[in-house]
Amino acid sequence: MSDATPRNRATKEPPVRGNVLVALHRDAVAPRFDRATEAWLGRIDGEGGLARSRTMVLANASAEELCRIILTENVSTVVCCGIEQEFHDYLTWKRITVLDGVVGGRDAIIGALLAGTLKADAVLGGV
Amino acid sequence: MASELGPLLQGLFDRPVAARTLLDRIPLPLALVSAERRVVFLNQAACALTAMSRERALNLPCRYVFRCSLCTVGCPLDVVDKSPSAAVAPVAREADIVNADRARIPVRVTCGALTGADGSRVGYFETLEDLRLFRPSEARPEWPQGFGDMLGHSPEMERVFRLLPGIAQTDSSVLVTGETGTGKDLLAEAVHNASNRAKGPFVKVNCGALPESLLESELFGHQKGAFTGASENKPGRFRLAHNGTLFLTEVGDLPLPLQVKLLTFLDDKIIHPLGSTRGVHVDVRIIAATHRDLRGMVREGRFREDLLYRLNVVRFHLPPLRERGDDVALFLAHYLKVYAGMFGKRISGFTPAAERALLDHAYPGNVRELRNIVEYCVNVCQDTHVDLPHLPRYLLEEGVETHGGPRDGRPGRSTAPAGGRVDAPRAVSRATPGVRATDTHAAGAGVDGTWADAERRLIMEALLRARGRRGAAAAELGWARTTLWRKMRQYGLDQ
């Protein structure tokens, strides 16, 4: 337990591009992927700009439902806080980048996404 | 982080003790959280459980450190906050966390308020007990046809078993109805054991067992000096059931004044002990059970309608055994195995005649009666199979008088073997609609008289149709000649 997270995180990640989903609870990232009540969906273009965005309110908090949305919306990057290994592996197997352990408010996360500085385990403002 | 100049515990020992060292050496994962619900301290066990370093966790909102299933809905700290008293007892819940290693871990979360010297709230403590080692029950095989300790594969019971796990996970009040001996207590316990309060206490109170004055003190507790003889404080069953379930059996017998107090608790979760001016917040799930018709009691003004609606959030009705079809055979086989094992008997089953007699009995006492009958049989039987002579005598001879029998005036089944000793029980119709209602409202001597009259009339009519020939009349009634003769003597028809 000397390290913050024993997992082997990538030290240098390329800026996020394409469709992004942020698992939300109220105005901040949800503490858990499977307990997210809303999902922010955005598209970051090649220049790093926000092409379009919308927020979906989920009927029920469910990891399976979020996975279904991620696949149907062609999401390439998922931002969340706690996520079970099972769902992390599934999304990774589907060639989706999962930035987990992220803590922060919705605006702070979107700002970091657009700035290309968002990384796994990032602690941002807004919470 | 682990500064040598950390907080100190003073006044307990000769010299101050480093609080950080003490907390770190406690093997239970523990966190101290500010009034704004940000982590101010994680002990080593909590760091291990959450797979998160103290540096990272410090000053984060606790929901991002624990990532508990209750963080977004039903946070126990909200319950602590709602308490009117700063000295509220800790709140405990079963839940699960997803730690930084992406592992999902079942935990029991216990939270409480931390107050300053002036009584003001300065923060909270939270402990997370890892339940992975204490959950062998998940691997425990359930009964092949049942739930918990309940058995059955009739459609009515299967519906109950199907609904039970989902209902158990909520905190809604549950009302269990059903005749005596149908398993209301078992169902209440099964709900508790399947709920996230399973680690908490399951406290049972029989509302019909105590007089009103004692029952109030028993349920709600009292303060020292509240009445003559109250020499010390008594917590009461509600407080004993804190973080668990309170099972109020025979709630139909609850006196009206106490119904009001129960209603008050269901509204605001606060109880008022006798002689106390301050309410006490308790976190208790209520399960109530009764064999009475509460709606009828409401109409008669003996039970509060508003209380009925509050208790009747989720209602389970347990059908009587006579309406549970093949469950009778299931119970017979089950209890035979249980008692044969218990008493060290090598009994492998029932003879066809004994089984037929047992299957045809009406069981007004339901499963409890069946269990007692099988226990008697196993005690008496010295053979490998339980036979007719091993059955309780009342089943064979007194069955009709005791259990009401064919109250609709019908004679026994024509398929009954002539001369068999099972004739009397055969006359009992197991699933006759209407029998149940008559049974429920029956009252002692009146019923015996009614049945005696009906049986006397039956015998007379059969004798008339048979033109006085007793053999033919006995055959029509499905009785042996000796039974007819005995009954004719009983009713004075042999003159």
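Some observations on this one:
- Hits in region B:25-65 (condition: under 21 Å from A:D27 (Cα atoms) and facing another protein chain (nearest Cβ under 7 Å)): B:L60, B:P61, B:R63, B:Y64
- Of all residues in region B:221-233, those that are open to solvent by 70 Å² or more (accessible area, probe 1.4 Å) and touching a helix residue (DSSP H, G or I) at 6+ places or on another chain (Cβ under 9 Å) total 1.
- Scan of region B:154-208 for residues that are β-branched (V, I, T), in contact with a helix residue (DSSP H, G or I) (Cβ under 6 Å, 6 or more places away or on another chain) and in a helix (DSSP H, G or I), ordered by number: B:V191
- Filtering region B:90-106 to residues that are facing chain A (nearest Cβ under 10 Å) and of a type in the set (D, E) leaves B:D96, B:D101.
- Filtered by the rule that a residue be open to solvent by 10 Å² or more (accessible area, probe 1.4 Å) and part of a loop (DSSP other than H, G, I, E, B), region B:234-246 gives B:P235, B:H242, B:N243.
- Residue in region A:53-65 that is over 14 Å from the mean Cα position of the chain (by Cα) and at pLDDT below 90 present: yes
- Close pairs (8 angstrom Cβ cut-off, 6 or more residues apart or separate chains): within 14 Å of chain B (Cβ to nearest Cβ) in region A:33-50, among the acidic types (D, E) and surrounded by fewer than 23 Cβ atoms within 10 Å (Cβ to Cβ) anywhere: A:F33/A:E84; A:D34/A:E84
- Identification of strands (runs of 3 or more DSSP E) wholly contained in region A:20-127 with 3 or more residues that are surrounded by fewer than 17 Cβ atoms within 10 Å (Cβ to Cβ) yields A:50-57.
- Hits in region B:298-338 - residues which are open to solvent by 20 Å² or more (accessible area, probe 1.4 Å), in a loop (DSSP other than H, G, I, E, B) and over 23 Å from B:G166 (Cα atoms): B:E300, B:G301, B:R302, B:R304, B:G325, B:D326
- All strands (runs of 3 or more DSSP E) inside region B:4-117 with 3 or more residues being in contact (Cβ under 8 Å) with a residue 24 or more places away in the chain: B:30-34, B:91-98, B:104-115
- Residue that is nearest to B:F125 (Cα to Cα), among those in region B:66-81 that are at the interface with another protein chain (Cβ under 9 Å from one of its Cβ atoms) and of a type in the set (A, V, I, L, M, F, W, C): B:F66
- B:R295 meets the stated requirement of being open to solvent by 70 Å² or more (accessible area, probe 1.4 Å), under 30 Å from B:S172 (Cα atoms), of a type outside the set (S, T, Y) and part of a helix (DSSP H, G or I).
The values are calculated or read from the model by the stated rules, or taken from the named source; none is laboratory data. Given the structure is predicted, the values throughout are model-derived calculations rather than measurements. When we count neighbours, we look across all protein chains shown, and the Cβ atoms used for this are built from the backbone with ideal geometry, even at glycine. What goes into the accessible areas is simple: the full protein's heavy atoms, side chains included, and nothing from ligands, DNA or RNA. Shrake-Rupley method; radii C 1.70, N 1.55, O 1.52, S 1.80 Å.
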